[in-house]
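Here the structure comes first, spelled out in structure tokens, and everything after it is commentary.
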Amino acid sequence: MDFEFSEEQRALQDLARDLFQRESPPSRLRELWQQEEPRDDKVWRTIAEAGLLGITVPEEFGGLGGDEVDLAPVLEEAGRAALPEPLLEAVAVAVPTIAEGGTDEQKREWLPRLATGEAFASVSFGDERWALDADVADLLVVERDDAVHLVPKGSFSARRVRSEDGARRLFEVDVGVDDATRTNADGRLARFRAVAATALLLSGVAMKLLDLTLDHVRSRKQFEREVGSFQAVKHKLAEMAVEVDASRPAAWYAAYLLANRDPGAVTAARVAKIAANDAAHRANVEALQLHGGIGFTWEHDLHFWLKRGLALEASCGAAADHRRALAAHVFEN
């Protein structure tokens, strides 16, 4: 299979990288860690103006008419920038879920507004009862027992809870669902869209951890030599690079199967999350060690990606959870 992205997809990736780095630098992340009130929506509006919120919105509703493959490199860049905005929830899950299973009225009401950033949607899966930025969400896409419900603002409550990553605003939501809120969307598919998209975010985080570590060991010296020139350090960097590069195609493949509604998409998403978790965990541990004592200090930017990685490793199922599910699937068949 050819995993090469098209020129248009690469252009979207370049656009996303430049925009995320310019609009959400580490200085902004540092401010958000210390901020209790909701984020200013300036960055979200800028992302919308660039057309990125409309990637998965069908053209008839004002979007680009893209799919999970088109979105994949953009999600990697969101991870690389540690973007705090919930791009995954809104663009990778909410929009395709509404487009797939919403009524004609729901599509007309929500998809154009989500594409332009006029409305904002978050998601909540299963028994977890968590949602990002739920206090400012106009719509909550709720999955319960493989059924998907669209719950508008005013029909759910949200309470702020502590997160591993202080730049992301996590809420516990209390929401009631019934036949009136239910859609025809496949809840299991929606959940595994999130699994695959989380793997892509983790790939971006791991790449950034590797880049930061390379810059650090090139700039630091011991015994009048660059730290990066020592063989033991080279081995660690090589192992990080190999694992990160090897994990990325698994997430691309999962995105491809999801875009084509292949029945193997669930298994591929689980494999992608396992590979991404393992790669990000190694990158996390090795980056911290190779940075030395400064790596875990508040003054250094590294901790933004360390903590984002830890939060995403636990999100949408830990690697051990997915390994158990895959083992059960193999032995059942």
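Residues that are open to solvent by 70 Å² or more (accessible area, probe 1.4 Å) and farther than 30 Å from residue 262 by Cβ: does the stretch 135-150 have at least one?
no
Conditions (1) under 20 Å from residue 77 (Cβ atoms); (2) of a type in the set (Gly, Ala, Ser); (3) not in a loop (DSSP other than H, G, I, E, B), marked per residue:
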| site | (1), (2), (3) |
| --- | --- |
| 257 | no, no, yes |
| 263 | no, no, no |
| 275 | yes, yes, yes |
| 285 | no, no, yes |
| 316 | yes, no, no |
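Return the pairs, sorted by first residue and then second, in which the second residue is open to solvent by less than 70 Å² (accessible area, probe 1.4 Å) and in a helix (DSSP H, G or I), the first residue lies in the stretch 11-34 and is over 15 Å from residue 208 (Cβ atoms), the beta carbons are less than 6 Å apart, and the residues are 6+ apart or on different chains.
Taking only residues 6 or more apart or on different chains, the pairs are 12/74; 23/43; 23/46.
Give the number of residues within the stretch 157-185 that are touching a helix residue (DSSP H, G or I) at 6+ places or on another chain (Cβ under 7 Å), surrounded by 15 or more Cβ atoms within 10 Å (Cβ to Cβ) and not in a loop (DSSP other than H, G, I, E, B).
5
Check whether at least one residue in the stretch 186-208 is crowded, with 18+ Cβ neighbours inside 10 Å and not in a helix (DSSP H, G or I), and report yes or no. Working first, answer last.
Narrowing the stretch 186-208 to residues crowded, with 18+ Cβ neighbours inside 10 Å: 186-187, 189-208.
Those left that are additionally not in a helix (DSSP H, G or I): 186.
Scanning the stretch 186-208, I find at least one residue that is crowded, with 18+ Cβ neighbours inside 10 Å and not in a helix (DSSP H, G or I), so the answer is yes.
In the stretch 214-255, what residues are of a type in the set (Lys, Arg), in a helix (DSSP H, G or I) and farther than 26 Å from residue 199 by Cβ?
Pass one, the stretch 214-255, residues of a type in the set (Lys, Arg): 218, 220-221, 225, 234, 236, 248.
Next, from what is left, pick out any that are in a helix (DSSP H, G or I): 218, 234, 236, 248.
Result: 218, 234.
Being of a type outside the set (A, V, I, L, M, F, W, C) and open to solvent by 70 Å² or more (accessible area, probe 1.4 Å): is that true of residue 103 here? Break it down stepwise before answering.
Numbers: of a type outside the set (A, V, I, L, M, F, W, C): yes; open to solvent by 70 Å² or more (accessible area, probe 1.4 Å): no.
The answer is no for residue 103.
Could you tell me whether the stretch 96-117 includes any residue that is in a helix (DSSP H, G or I), in contact (Cβ under 8 Å) with a residue 24 or more places away in the chain and within 14 Å of residue 192 (Cα to Cα)?
Checked against the condition, which is being in a helix (DSSP H, G or I), in contact (Cβ under 8 Å) with a residue 24 or more places away in the chain and within 14 Å of residue 192 (Cα to Cα), the stretch 96-117 yields at least one hit.
Hey, could you check the stretch 236-295 for residues that are basic (Lys, Arg) and open to solvent by 10 Å² or more (accessible area, probe 1.4 Å) and say which is farthest from residue 203 (Cα to Cα)?
Top of the filtered list is 261.
Out of the stretch 118-142, which residues are in contact with a Pro (Cβ under 6 Å, 6 or more places away or on another chain) and outside any strand (DSSP E or B)?
Once the filter is applied, which keeps residues that are in contact with a Pro (Cβ under 6 Å, 6 or more places away or on another chain) and outside any strand (DSSP E or B), the stretch 118-142 yields 133, 136.
The values are calculated or read from the model by the stated rules, or taken from the named source; none is laboratory data. Model, not experiment: these values are computed from the prediction. Because the Cβ atoms are built from the backbone with ideal geometry, glycine has one as well, and the counts that use them run over all protein chains shown. Side chains are part of the model used for accessible areas, which takes the heavy atoms of the whole protein and leaves out ligands, DNA and RNA. Shrake-Rupley method; radii C 1.70, N 1.55, O 1.52, S 1.80 Å.
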